[in-house]
Structure formats: structure tokens, C-alpha cells
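Asks: After the C-alpha cells below, expect a handful of questions from me.
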Amino acid sequence: MKIAQVISLLLDYPTDDLLEAKQPIVEIISASQLAPEQKEAMLEFVESRFNGDLMDWQAEYNGLFERGRSLSLLLFEHIHGESRDRGQAMVNLLKQYKEAGLEIGVRELPDYLPLYLEFLSTQGDENLVLGLQEVAHVLATLSARLEQRESNYAALTNSLLNLSGVQVDMADIHSQIANEERDDTSEALDKVWEEEMVTFGPDSSNDGCSSGTSKPSESQRKDQYVPIQWADELLKSSELAEKRGN
């Protein structure tokens, strides 16, 4: 589904190349199966962002997604945080990608949302919906936090929820996050830097999340899609927490 690839591009770091693709992006959104309100919100996002200053957009992107963990585009961040459980989850996810025919660079973290969407966009509509349903709980939380910050990036995550077909009680999620402390302040970031950083992969000395460095190849076979078992990972994490609490 082309709309998933478009949302993948829009969620990645904005560049001059992205700006040059405005017209086809608008055409794909307009022809998509999104609900009318989601389609309108996405078109407004494109008009607002593409007609503004690129450097301002890049600075706001970094402020949203690169400061703190609450809006991280690394999906496992919202399930495992920086615990050691995340390392094994990464290994499992990499294995599932390979079984589906996807090879990614050593500097690319497999749970990076734009990469995950780019992958799903090659796997057929049914598998795309299945893959989005597996991360619907994360997408809903991201949407609520983006709405809380009055960011129009919520149009993108809300559109992904719309494509998934999952019905989410957003009012309940907003209630749950209402009293969250911001983790993108200078004080909160200083505290994070004081903690030991956990990295993954053989090239852990380099940046873990270099966006756009690896895309699914044309040789990927749609019939080799393997569900990524996000719900199972969340369940295991909850069970482990319960055991530790006893």
C-alpha cells in the first residue's frame, strides 16, 4: 500500500529530496483508502510542512523525536525502554526480518517506525494491516502525546491507526498521560545522560538510528511475511515485571 510508504517518508527526518516529492505524495494521499478526516489532516500536514522553512522543520523534528523517550520512533522503546530485554527483542525482530527477506544495515535499529512501515508497505495490504495492528497500542500512545503537544505529526500516527482498523479509546489514553512529566527538558535530559547507555549490534559505537540507510529490496517476497509478535513481547515484559514485584 503506497500510503504506508508515504507516511514512512513523512515520519523520517525531513530533507530536500522529500520536498521535491510533494506532488506525488499529495496524489497518493488523495487516492488512498484513508477516512476523509484523516486524508484531510494529512494533506494539511503536507501543505503546512512543505511550504515552511526546511531548517525550522528539521529543528522541530529533532525537538519532538530526538529529545526524550516519550515520542521516540523506536517502537521497542515504548515496551522495554533501555532494559536488557530490549536487546533480545531486537535479535528476535532481526531474525523475523531476515526470514521475510529483508536485510538491514548494522547501524539501523529494526524497530525504527519508518523502517518498519517501509517494510510493511512491500508485504501486501493484508500483512500491512496485520503489522499495524501489532503496534496499535504504541501508535495510539504516540498520537495522544503528539496531540497533547499540539503537533500536527499526530495526523500521521492517527492515519496509521485508521489503516490498522483498530478501535482505540483515545480519551482514555489522554487521561492516562495527562499527568506525565515532560522528558525533553534540559533537566530530564541531563538525568538520562548520567545513566548508562545501552546500545545494540556489532557497530554499537556508532549512532544506533541512522534513518533511511536501508530499505526493503525489490526481491522481498510478500508470501514470506512473518508476524513480528509485538503483543507477545509486551506480554512477556508485563509478566516479568509482575514476577519481579513478587
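The values are calculated or read from the model by the stated rules, or taken from the named source; none is laboratory data. Since the structure is predicted, the reported quantities are computational estimates derived from the model, not experimental observations. Don't worry about glycine lacking a Cβ; one is built from the backbone with ideal geometry, like all the others, and counts go over all protein chains shown.
Asks: Tally time: how many residues in the range 113-123 are farther than 18 Å from LEU34 by Cβ and not in a helix (DSSP H, G or I)?
Replies: Adding up the residues that qualify gives 2.
Asks: How many residues, within the range 99-115, are surrounded by fewer than 14 Cβ atoms within 10 Å (Cβ to Cβ) and over 21 Å from LEU9 (Cα atoms)?
Replies: Qualifying residue count, the range 99-115: 1.
Asks: Then there is this: What helices (runs of 4 or more DSSP H), lying completely within the range 1-66, carry at least 1 residues that are within 25 Å of GLN148 (Cβ to Cβ)?
Replies: Where helices (runs of 4 or more DSSP H) fall fully within the range 1-66 and carry at least 1 residues being within 25 Å of GLN148 (Cβ to Cβ), they are 2-11, 22-31, 36-50, 54-65.
Asks: Which condition does PRO110 not pass, out of (1) part of a helix (DSSP H, G or I); (2) at pLDDT 80 or above; (3) in contact with a helix residue (DSSP H, G or I) (Cβ under 9 Å, 6 or more places away or on another chain), if it passes all the others?
Replies: Tallying (1) part of a helix (DSSP H, G or I); (2) at pLDDT 80 or above; (3) in contact with a helix residue (DSSP H, G or I) (Cβ under 9 Å, 6 or more places away or on another chain), PRO110 fails exactly one: (1).
Asks: Residue pairs, Cβ under 6 Å, 6 or more apart or interchain, first in the range 147-171 and within 25 Å of VAL26 (Cα to Cα), second part of a loop (DSSP other than H, G, I, E, B). List them.
Replies: Listed by first residue and then by second, the contacts come to SER159/LEU34; ASN162/LEU34; ASN162/ALA35.
Let's see how each residue does on (1) of a type outside the set (Phe, Trp, Tyr); (2) modelled with pLDDT of 50 or more; (3) surrounded by 15 or more Cβ atoms within 10 Å (Cβ to Cβ):
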residue	(1), (2), (3)
SER143	yes, yes, yes
GLN148	yes, yes, yes
TYR153	no, yes, yes
ASN162	yes, yes, yes
GLN167	yes, yes, no
ILE173	yes, yes, yes
GLU180	yes, yes, no
ALA188	yes, no, yes
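Asks: Another question, then. Only one of these is touching a residue at least 12 places away in the same chain (Cβ under 8 Å) and closer than 21 Å to PHE45 by Cβ: LEU130, LEU142. Name it.
Replies: Just a single option satisfies the conditions, and that option is LEU142.
Asks: For GLU40, all conditions in the list (1) closer than 28 Å to ILE173 by Cβ; (2) surrounded by fewer than 16 Cβ atoms within 10 Å (Cβ to Cβ); (3) touching a residue at least 60 places away in the same chain (Cβ under 8 Å); (4) among the charged types (D, E, K, R) hold save one; what is the number of the exception?
Replies: (3)
Asks: Given TYR116, TYR13, TYR61, which one is in contact (Cβ under 8 Å) with a residue 24 or more places away in the chain, touching a Ser or Thr at 6+ places or on another chain (Cβ under 7 Å) and of a type in the set (Phe, Trp, Tyr)?
Replies: TYR13
Asks: SER70 is checked against (1) farther than 25 Å from GLY165 by Cα; (2) of a type in the set (S, T, N, Q); (3) in contact with a Lys or Arg (Cβ under 6 Å, 6 or more places away or on another chain) and fails just one. What number does that condition carry?
Replies: So SER70 meets the others, but not (1).
Asks: Select from the range 116-128 the residues that are surrounded by 17 or more Cβ atoms within 10 Å (Cβ to Cβ) and out of contact with any Lys or Arg (no Cβ under 8 Å at 6 or more places or on another chain) and write down the one among them that is farthest from GLU77 (Cα to Cα).
Replies: LEU128
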